[in-house]
1. Return yes when residue B:442 is aromatic (Phe, Trp, Tyr), out of contact with any strand residue (DSSP E or B) (no Cβ under 7 Å at 6 or more places or on another chain) and more than 26 Å from residue B:255 (Cα to Cα) and no when it is not.
2. Restricting attention to segment B:220-238, does a residue exist that is more than 7 Å from chain A (Cβ to nearest Cβ), in contact with a Leu (Cβ under 6 Å, 6 or more places away or on another chain), in a helix (DSSP H, G or I) and over 19 Å from residue A:76 (Cβ atoms)?
3. Is it the case, given these coordinates, that residue B:198 is among the β-branched types (Val, Ile, Thr) and either part of a helix (DSSP H, G or I) or in contact with a Ser or Thr (Cβ under 6 Å, 6 or more places away or on another chain) (or both)?
4. Quick one: residue A:63 ticks every box in (1) at the interface with chain B (Cβ under 7 Å from one of its Cβ atoms); (2) not in a helix (DSSP H, G or I) bar one, so which box is it?
5. Quick check, is residue A:44 facing chain B (nearest Cβ under 7 Å) and within 16 Å of residue B:224 (Cα to Cα)?
6. Can you tell me which residues in segment B:362-407 are surrounded by 24 or more Cβ atoms within 10 Å (Cβ to Cβ) and facing chain A (nearest Cβ under 9 Å)?
7. Which ones in segment B:50-91 are within 8 Å of chain A (Cβ to nearest Cβ) and in contact (Cβ under 8 Å) with a residue 24 or more places away in the chain?
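The values are calculated or read from the model by the stated rules, or taken from the named source; none is laboratory data. These figures come from a predicted structure and were not determined experimentally. Reconstructed Cβ throughout: ideal geometry from the backbone, glycine too, with neighbour counts over all protein chains shown.
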Amino acid sequence: MEIDPFIFRLSIFILSIFIGYYVVWSVTPSLHTPLMSVTNAISSVIIVGAIIASLSSSENAVFTSSSIYGFLAIILAAVNIFGGFLVTQRMLAMYKKKKKDK
Amino acid sequence: MSANLSAILYLVSGVLFILALRGLSSPETSRQGNLFGIIGMIIAISVTFLSVGNFSSGFVYVLIFLAIGGSIGAFIAYKIPMTAMPELVAGFHSLVGLAAVFVAISAFINPEAFNLGTPGNIKLASLIEMAIGAAVGAITFSGSIIAFLKLQGIMSGAPITFKGQHLLNALLLISIFILTYYLCSAQSSRLFWILIAISFLIGFLIIIPIGGADMPVVISMLNSYSGWAAAGIGFTLENTALIITGALVGSSGAILSYIMCKGMNRSFFNVILGGWGGSEQSTNNKNKEQRPVKSGNADDAAFLMKNASSVIIVPGYGMAVAQAQHALREMVDTLKKNGIKVSYAIHPVAGRMPGHMNVLLAEANVPYDEVFELEEINNDFANADVAFVIGANDVTNPVAKTDPQSPIYGMPVLDVEKCKSVLFVKRSLSPGYAGIDNDLFYRENTLMLFADAKKMTEDITKNL
């Protein structure tokens with residue numbers, strides 16, 4: 001009997017939830033704000049779907065009803081990707097240890 | 001690019017995202033973690049381009065729109081003040097939600113592009129996944145917009161409640177399931193639009209009854225929703241990177257909501273059903289008899305601190321509002337020069353989002369190893385000479401430990417009153433967001449400093 005590929009994806013999904021559970025509990029509370037901004041950035045990997053959607057049309061009709069939604073989603077996701085990673089970087093750069101000489 | 005190879009590369013980028021979160025377990029590894037995240041994203045995007053393999057004029061537009069969105073994002077990331085992080089994160093959540101909705105719509109209109117069948121004859125499983133992705137995405141979008149407006153102060157933070165609210169929400173939620181069921185058999189685009197419209201409405205309705213003070217929970221919850229929306233779309237697109245990320249973000253947001261609820265000793269449902277705080281404030285004030293408080297000025301505060309050997313600072317949202325974090329650091333520097341030991345105590349729900357105070361202190365160049373969480377530092381109050389409470393209120397209220405009648409009874413609080421003396425910077429005696437009078441104000445060892453947090457801190461520094 002063949003297993004539906006959906007079951008494989010479901011397995012990945014369930015296991016990832018567990019990974020997420022343990023990884024996030026180990027995040028230090030002082031970094032919870034960067035955690036939120038970086039999860040924000042990575043969830044914008046949804047741009048993958050947006051790219052497929054916007055490249056779906058043929059050569060002579062770039063803008064079709066479905067690709068326009070794709071393009072809009074690309075803009076939204078791109079704001080998030082760049083904004084999310086950069087603001088996380090900016091925050092993390094501020095976390096410094098005590099200077100020894102002081 | 002072969003389907004197997006791209007599937008493996010998507011898996012790689014999923015793993016890199018896991019490492020990105022793993023890096024956040026300590027500030028030293030966090031920057032490297034962020035880099036992993038960026039690499040994962042670059043891999044995911046490049047693989048998508050290569051596997052679609054369509055480098056026609058559409059590709060140019062993709063790059064153009066990517067650049068437009070990217071520059072807007074980069075601009076915001078550099079300009080945003082650290083005090084506005086909660087608003088920024090709420091705003092970003094709404095974008096993820098809306099992007100999920102758009103991708104789902106696009107897949108519904110043109111399923112061939114995604115290998116999901118033909119319009120009107122979409123695979124059943126894909127249709128369900130699409131509906132879930134779109135519905136959760138829409139809820140995330142409208143919910144985050146409301147959260148953003150409340151945080152920005154454009155909308156009042158007071159909870160908006162009306163009769164039959166919970167019934168209405170429940171009915172709408174049930175209607176989503178019914179619509180999904182009919183959508184699967186009829187495949188009608190009209191049903192799909194109605195589904196999205198109702199989801200937008202639900203997002204709006206579930207956030208309006210939640211008070212501005214519960215925002216840490218709301219933001220975490222919306223964080224979680226944005227993850228589940230991404231996962232739903234991931235199933236539709238059969239994309240591993242998206243499924244892994246969705247699960248990670250979903251559980252991350254859920255854990256943060258749990259931590260925030262625990263920090264307030266409230267159940268998740270209690271917060272979601274809303275309607276707490278804000279309104280009781282006025283009635284509470286009237287019934288209160290005037291109790292004596294000791295108030296002092298910057299000179300008194302400076303005198304107390306100069307003669308102390310250890311000082312614990314308790315910052316709260318008021319510090320963020322007054323932008324007092326830099327002035328505070330200067331004061332602490334002066335104290336340290338006088339050989340006084342200074343540490344910071346942070347309550348889990350201080351501020352408007354998880355970890356908000358830590359970021360603000362980090363911005364003001366406070367080394368992170370001087371900043372402690374509630375459990376780490378709570379025993380030290382008894383041995384400290386001075387507690388300097390700046391902009392925090394309810395999280396220091398001893399009533400939470402003593403009065404079972406109090407709405408905040410059982411909430412973990414900082415044992416500030418155990419210090420030899422407490423300096424409490426506040427503009428007036430008004431209660432905090434919970435609408436409860438703070439017993440600490442009237443204690444023998446408390447000295448109230450009535451002033452703007454920033455100005456008071458600066459004055460104290462001058463007097464030291």
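1. On the way: aromatic (Phe, Trp, Tyr): yes; out of contact with any strand residue (DSSP E or B) (no Cβ under 7 Å at 6 or more places or on another chain): yes; more than 26 Å from residue B:255 (Cα to Cα): yes.
Spelling it out, residue B:442 is indeed aromatic (Phe, Trp, Tyr), out of contact with any strand residue (DSSP E or B) (no Cβ under 7 Å at 6 or more places or on another chain) and more than 26 Å from residue B:255 (Cα to Cα).
2. Going residue by residue through segment B:220-238, those that are more than 7 Å from chain A (Cβ to nearest Cβ) are B:220-222, B:224-225, B:228-229, B:232, B:234, B:236.
From what's left, in contact with a Leu (Cβ under 6 Å, 6 or more places away or on another chain): B:220, B:234.
Narrowing the set further to residues that are in a helix (DSSP H, G or I) leaves B:220, B:234.
Remaining after also requiring over 19 Å from residue A:76 (Cβ atoms): B:220.
The answer is yes; a qualifying residue exists.
3. Values: among the β-branched types (Val, Ile, Thr): yes; either part of a helix (DSSP H, G or I) or in contact with a Ser or Thr (Cβ under 6 Å, 6 or more places away or on another chain) (or both): yes.
Yes: the conditions hold for residue B:198.
4. The one condition residue A:63 does not meet is (1).
5. Criteria met by residue A:44.
6. Passing the criteria: B:362, B:366.
7. Passing the criteria: B:82, B:85, B:89.
Yes or no, residue by residue, for (1) touching a residue at least 24 places away in the same chain (Cβ under 8 Å); (2) outside any helix (DSSP H, G or I); (3) under 30 Å from the mean Cα position of the chain (by Cα):
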{"site": "B:405", "(1), (2), (3)": "no, yes, yes"}
{"site": "B:428", "(1), (2), (3)": "no, yes, yes"}
{"site": "B:436", "(1), (2), (3)": "yes, yes, yes"}
{"site": "B:440", "(1), (2), (3)": "yes, no, yes"}
{"site": "B:458", "(1), (2), (3)": "yes, no, yes"}
{"site": "B:461", "(1), (2), (3)": "yes, no, no"}
